[in-house]
Amino acid sequence: FTANQALLTYPPIKAVDTLLARFVLISLTYLIINSIFVIALVWFNLADWPAHPHHLMLAFLCTAGIGLGMGTLNAVISSMFNSWQHINQIINRPLFFISGIFYLPSALPSNVLNVLKWNPVMQLIEWMRTGYYPDYNSIVLDIEYICIIMIVLIFLGLTGERLFRHRRI
């Protein structure tokens, strides 16, 4: 909300409009960058075409949806508490390492996997791998779980924006 404060002085423009505009801009930017990257890799024979492009697209859309939900929720919380940005960075830093970017979840012991499978980011990475590699079978992928998390986050973010619209600092 603070990045677009000047736009919010115009009466027809609401905070949700700026959130949705930023969502569309960032989503399209990443879609174009990823498409160029994959096409370049295939063009230079450094990779094959994705085995299941429809899975990649659905995983990308769900990733964008979860980003919209988390972004809206974080915008609402940080507009009420200045220190939330710092707290959020501390919370999210370990998420980068436990999301399965540097390892395959199937290589982990089952007791660790039972805890980490609740991480929606790891689920999204597994969905991307399933879409890209022809024979990749994820043992933790739960598409229904990802969709539920996405809907809940978007609902909580938009509800929070509506409820706390007039209490921003």
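Taking every C-alpha pair closer than 8 Å and separated by at least 6 residues, the mean separation divided by the residue count of region 1-160 gives a relative contact order of 32 percent.
What a 1.4 Å probe finds exposed on the chain is 71% carbon and sulfur by accessible area, rounded to a whole percent.
Here region 60-169 is assigned +1 on the Cβ of each Lys and Arg and -1 on the Cβ of each Asp and Glu. Its dipole about the Cα centre then comes out at about 520 debye.
The long axis of helix 120-132 is offset from the longest Cα principal axis of the chain by roughly 40 degrees. With K and R counted +1 and D and E -1, the other residues having a Cβ less than 15 Å from that of TYR132 yield a net charge of -2.
Stretching PHE44 away from ILE151 to a fully extended chain increases their span by 34.7 nm, per 0.36 nm per residue minus the current alpha-carbon distance. In the chain, the longest principal axis of the Cα atoms and the axis of helix 15-43 are about 20 degrees apart. Would you tally the net charge around TYR145, using a Cβ to Cβ cut-off of less than 13 Å, leaving TYR145 out, and scoring K and R as +1, D and E as -1? Every neighbour counted, the sum reads -2. The residues of region 88-143 present an accessible area of 63 Å² per residue when probed at 1.4 Å with all protein chains retained. Farthest toward the positive end of the dipole of the chain, out of LEU73, MET122, PRO53, is the Cα of LEU73, where the dipole comes from beta carbon charges about the Cα centre. Which FRET efficiency, nearest 0.05, do ASN111 and TYR136 yield, Cβ-Cβ r, R0 25 Å? It comes to 0.60.
Computed over the alpha carbons of the chain, Rg followed by Dmax gives 18.3, 55 Å.
The values are calculated or read from the model by the stated rules, or taken from the named source; none is laboratory data. From a predicted model like this one, the values you see are computed outputs, not experimental measurements. Here the Cβ is made from the backbone with ideal geometry for all residues, glycine too, and neighbour counts use every protein chain on show. These area figures cover heavy atoms from the full protein model, side chains too; ligands, DNA and RNA do not enter into them. Shrake-Rupley method; radii C 1.70, N 1.55, O 1.52, S 1.80 Å.
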